[in-house]
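Reading through the structure tokens given below for one structure.
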Amino acid sequence: MATTEAMNQWSHRFLVYVRGSKDDSCLDLLHAIIDGIPSDNSGLKLRHAPVLAGTLSPQVTDANRLTDSEGVDYFEIQFSIEETGD
């Protein structure tokens, strides 16, 4: 939480784990999430559209390629969403 003179601002961090099926590219899935266009927001990409009223649009803060115990790659995408106040 960051405190300013006018209000308290909350920042929420979300982790999204992405793993494609055997024949699909995990990287394509990563791009589809980050650059995807949700069906309910006037055609804006996810990273340019607020998720809820009273929040700023999600910021992708990090994306990491990881490997599970079976040697299969997957991605961890970190999003940060800040509240705009009352």
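The values are calculated or read from the model by the stated rules, or taken from the named source; none is laboratory data. Note that the structure is a prediction, hence the values are computed from the model and not measured. Cβ atoms come from the backbone with ideal geometry, glycine included; neighbour counts cover every protein chain shown.
Annotations
- Residues of the range 54-71 satisfying the condition of being closer than 18 Å to residue 11 by Cα, more than 12 Å from the chain's Cα centre (by Cα) and either assigned to a strand (DSSP E or B) or at pLDDT below 85 (or both): 55
- Screening residue 31 with (1) in contact with an Asp or Glu (Cβ under 7 Å, 6 or more places away or on another chain); (2) under 20 Å from residue 15 (Cβ atoms) gives one miss only, at (1).
- The set of residues in the range 1-36 that are among the hydroxyl-bearing types (Ser, Thr, Tyr) and at pLDDT below 85 comprises 3, 4, 21, 25.
- Residues located in the range 14-31, provided they are among the aliphatic types (A, V, I, L, M) and exposed (fewer than 14 other Cβ atoms within 10 Å of the Cβ): 15
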